[in-house]
1. Within region 26-66, track down each residue that is within 19 Å of the chain's Cα centre (by Cα) and among the basic types (K, R).
2. Can you name the residue in region 73-96 that is hydroxyl-bearing (S, T, Y) and within 20 Å of the chain's Cα centre (by Cα) and is also modelled with the highest pLDDT among such residues?
3. Please enumerate the residues belonging to region 26-85 that are without any contact (Cβ under 8 Å) to a residue 12 or more places away in the chain and touching a Leu at 6+ places or on another chain (Cβ under 8 Å).
Amino acid sequence: MVTMNVKTEHDLANGTRGTIHNVILGSDEPDFDPQSSIIRLQNPPRVILFKPDETRAANLPGLPEGVFPIEPAITQYTIEIAGKLVTVKRRQMPVTGGYAFTDYRSQG
């Protein structure tokens, strides 16, 4: 699920559900065993190719039908610590694994 308005022209907004088609890692990511059940990345992926469950957006050239790229979101904050201004940069993919199951739905 997308957690912020990323590319509204491609119907990628906060709450959009879909599937991850592919994860493209940065060139600075160390090698890892693809057979491992857990892979710890050093950096966020360079791009996630995301296919929304529903979209009215036109396909992008070079990508499979209905698949759109999502890049890391970068946020910058300036805070004061002990009288000094410190700038903090946060880089994170604006997606999360999500599925909601309410108690009302479970009664059916």
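The values are calculated or read from the model by the stated rules, or taken from the named source; none is laboratory data. This one's a predicted model, so the numbers in the text were calculated from it and none came from an experiment. We place every Cβ from the backbone using ideal geometry, glycine too, and count neighbours over all the protein chains shown.
1. Within region 26-66, R40, R46, K51 meet the criteria.
2. Among those residues, the one meeting the criterion is T75.
3. Passing the criteria: T78, I79.
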